[in-house]
Amino acid sequence: MAMPLYDSQPARRVPWVTYLLVAANVVVFLLTPMSNFAAWYGEDRVRECNAAHFVHEYAAIPKELTTGDQQPIPAEVVRQCGSADFDKAPWTSAFTSMFLHSDALHLLGNVVFLFVIGMGVEDRFGRLRFLLAYLLFGLVAVYGFAWMSPDSTATLVGASGAIGGVLGAYIVLNPKGRIVTLVLPVIVVRLPAWVLLGYWFVVQWLSLSDEETNVAHSAHIFGFLAGVVFAVFARRAGPVGRIAALSRG
């Protein structure tokens, strides 16, 4: 496993949007029943049931996204925790799911990648365009996952799809960049960006055949490809367009 620590090409201005997105993901996690901080959701079984209801209300569910209809809470959850009364507009869950995480490790892995890689992409896109692109990558990832499994009622949470788009954009925008990387358990090396991010993509691709995983690898791939395509079109704007983008926001 490899984890980025530092982008050796520093940003030319403060990456406020990257900081904001990292903070938003952390704060939202702390306020959900999936964190130990949110004590108001109760303890033990009560907390687990509150988490189950919370996830079904705010997570993206493929069948809801493809049909536009809210799906009932699974019978197993109802048997163990009872029903929950809420009205859900499925399309909104494509946004809310991007800021939810199943546990602290899930959150940590995502925000580290976003913090290290996002700064360079924001520096080249400009703040507003980076924010819009991030949300777009997340939407492509969520709906791509739903398209691959249109009848699935599995819950999808996490920023990985949007962050995958940021990784794809970075490769296009800064293919010669180098990233200081922790190769677990203890090796720290300075790797070309295409090696680290290409490795990440290959791992996602090879993991598609793992039927026992609860990780939405297809969402990661759709997000990554969206980032590549978006960055290619951004580069076609030419030097003037890129300079103009850097001056905004």
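The values are calculated or read from the model by the stated rules, or taken from the named source; none is laboratory data. In this text, all values refer to a predicted model and were calculated from it rather than measured experimentally. We place every Cβ from the backbone using ideal geometry, glycine too, and count neighbours over all the protein chains shown.
Show me the helices (runs of 4 or more DSSP H) entirely contained within region 45-150 in which 3 or more residues are of a type in the set (Ser, Thr, Tyr).
Ranges flagged: 90-96.
Examine region 67-81 for a residue that is closer than 30 Å to Arg190 by Cβ and either among the aliphatic types (A, V, I, L, M) or in contact (Cβ under 8 Å) with a residue 60 or more places away in the chain (or both), and state whether such a residue exists. No, region 67-81 has no match at all. Residues that are in a loop (DSSP other than H, G, I, E, B), modelled with pLDDT of 90 or more and polar (S, T, N, Q): does region 154-161 have at least one? Checked against the condition, which is being in a loop (DSSP other than H, G, I, E, B), modelled with pLDDT of 90 or more and polar (S, T, N, Q), region 154-161 yields at least one hit. For region 58-95, what are the residues that are surrounded by 16 or more Cβ atoms within 10 Å (Cβ to Cβ) and not aliphatic (A, V, I, L, M)? Within region 58-95, Tyr58, Pro62, Lys63, Glu64, Thr66, Gln70, Cys81, Lys88, Pro90, Ser93 qualify.
One residue stands out among those in region 20-40 that are of a type outside the set (Val, Ile, Thr), in contact (Cβ under 8 Å) with a residue 12 or more places away in the chain and surrounded by 15 or more Cβ atoms within 10 Å (Cβ to Cβ): the one that is farthest from Val183 (Cα to Cα), which is Pro33. When we screen Ala52, Ala39, Ala94 for residues that are of a type in the set (Gly, Ala, Ser) and under 20 Å from Phe137 (Cβ atoms), the only hit is Ala94.
With respect to Val55, determine if the residue is closer than 21 Å to Ser160 by Cβ and surrounded by 15 or more Cβ atoms within 10 Å (Cβ to Cβ).
yes
Of the helices (runs of 4 or more DSSP H) contained entirely in region 165-249, those carrying at least 1 residues that are small (Gly, Ala, Ser) and modelled with pLDDT of 85 or more fall at 193-206, 217-235. Just one of the listed residues (Glu64, Glu43) is over 13 Å from the mean Cα position of the chain (by Cα) and at pLDDT below 90, namely Glu43.
Screening Met34 with (1) assigned to a loop (DSSP other than H, G, I, E, B); (2) out of contact with any Asp or Glu (no Cβ under 8 Å at 6 or more places or on another chain); (3) under 20 Å from His56 (Cβ atoms); (4) not hydroxyl-bearing (Ser, Thr, Tyr) gives one miss only, at (2).
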